[in-house]
Amino acid sequence: MSSVVGRGVQVRSLSRRPGENQVVGDLATGAGLAEALAGTDTVVHCASDTRRFGKTDVAQAQNLIDAARTAGVSHLVYISIVGIDRVPMPYYRRKLEVEELIASSGIPWTILRATQFHGFLIDMFFKPQKMLPVLMVPRGTVQPIAVEDVAGRLAELSVGTPAGRATDLGGPEVLTFDEAARAYLSAVGRKPRTACVPVLGKLARAIADGGLTCPDHAFAGRTFEEFLQG
């Protein structure tokens, strides 16, 4: 946000609860969105129902698009995920549906796909196994990226002209899940004991084939090791 404010842009965030620099609205019901978006030129859509694997994402995106169209918004920016068209997961399918809604909305748009955040990799794959003596990991690779690096790129895109599908954004290095797991275990003071879990099916093949990565679009930001040290 600071990088956008520094350009003289007025920024406000949408929340269900009032707060500083916030406007009140509810994506789930559409309540308050018309008032929240009044006078807005650009909307950056970052909300997602991750606890329920995006179950309500499509409906909420449609509510936002409807309100944005009515308010005359001239640029809709959306943060998405690298590999949603290659990795067959329900959450990814919903993210792809949201992309399609935005692209057909009639509102000029920009979509940025980024790889997994450093913290997400830990919270999703490693922390749930903290009581196990050995960390189970799938075959395949990841390309974790710092949240602030993605936020900076979103800020740049939000003040630019609508770009459609922006160039994908990946972390500075591609790691195997095993390498990432061992680095995490060492950082938290545990013996780096891991075991590769043989997972079958299209999902496993997509991850093993690098479906979660975009090595040609690596961003020279904070590495996973630097994140762990911090």
All positions within segment 98-137 that are in a strand (DSSP E or B) and out of contact with any Leu (no Cβ under 8 Å at 6 or more places or on another chain): Ile111, Phe117, Met136, Val137
Members of segment 197-212 that are part of a helix (DSSP H, G or I) and either of a type in the set (A, V, I, L, M, F, W, C) or modelled with pLDDT of 95 or more (or both): Leu203, Ala204, Ala206, Ile207, Ala208
When residues of segment 104-145 are limited to those that are of a type in the set (Lys, Arg) and either farther than 23 Å from Gly189 by Cα or in contact with an Asp or Glu (Cβ under 9 Å, 6 or more places away or on another chain) (or both), the one surrounded by the most Cβ atoms within 10 Å (Cβ to Cβ): Arg113
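Here is a yes/no grid of residues against (1) hydroxyl-bearing (Ser, Thr, Tyr); (2) at pLDDT 95 or above:
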site: Ser158; (1), (2): yes, yes
site: Glu179; (1), (2): no, yes
site: Ala195; (1), (2): no, no
site: Cys214; (1), (2): no, yes
Residue match in segment 35-54 (condition: surrounded by 13 or more Cβ atoms within 10 Å (Cβ to Cβ), in contact (Cβ under 8 Å) with a residue 60 or more places away in the chain, hydroxyl-bearing (Ser, Thr, Tyr) and not in a helix (DSSP H, G or I)): yes
Near pairs, Cβ below 8 angstrom, 6+ apart or cross-chain, from segment 174-195 (under 25 Å from Pro215 (Cβ atoms)) to any residue that is assigned to a helix (DSSP H, G or I) and among the hydroxyl-bearing types (Ser, Thr, Tyr): Pro192/Ser186
Residue match in segment 75-88 (condition: assigned to a helix (DSSP H, G or I), of a type in the set (A, V, I, L, M) and within 30 Å of Asp209 (Cα to Cα)): no
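Before we move on, is Arg93 at pLDDT 95 or above, surrounded by fewer than 17 Cβ atoms within 10 Å (Cβ to Cβ) and of a type in the set (Lys, Arg)?
Working: at pLDDT 95 or above: yes; surrounded by fewer than 17 Cβ atoms within 10 Å (Cβ to Cβ): yes; of a type in the set (Lys, Arg): yes.
It is true that Arg93 is at pLDDT 95 or above, surrounded by fewer than 17 Cβ atoms within 10 Å (Cβ to Cβ) and of a type in the set (Lys, Arg).
The values are calculated or read from the model by the stated rules, or taken from the named source; none is laboratory data. Quick caveat: nothing in here was measured; it's all calculated off a predicted structure. Neighbour counts run over all protein chains shown; Cβ positions are idealised from the backbone, glycine included.
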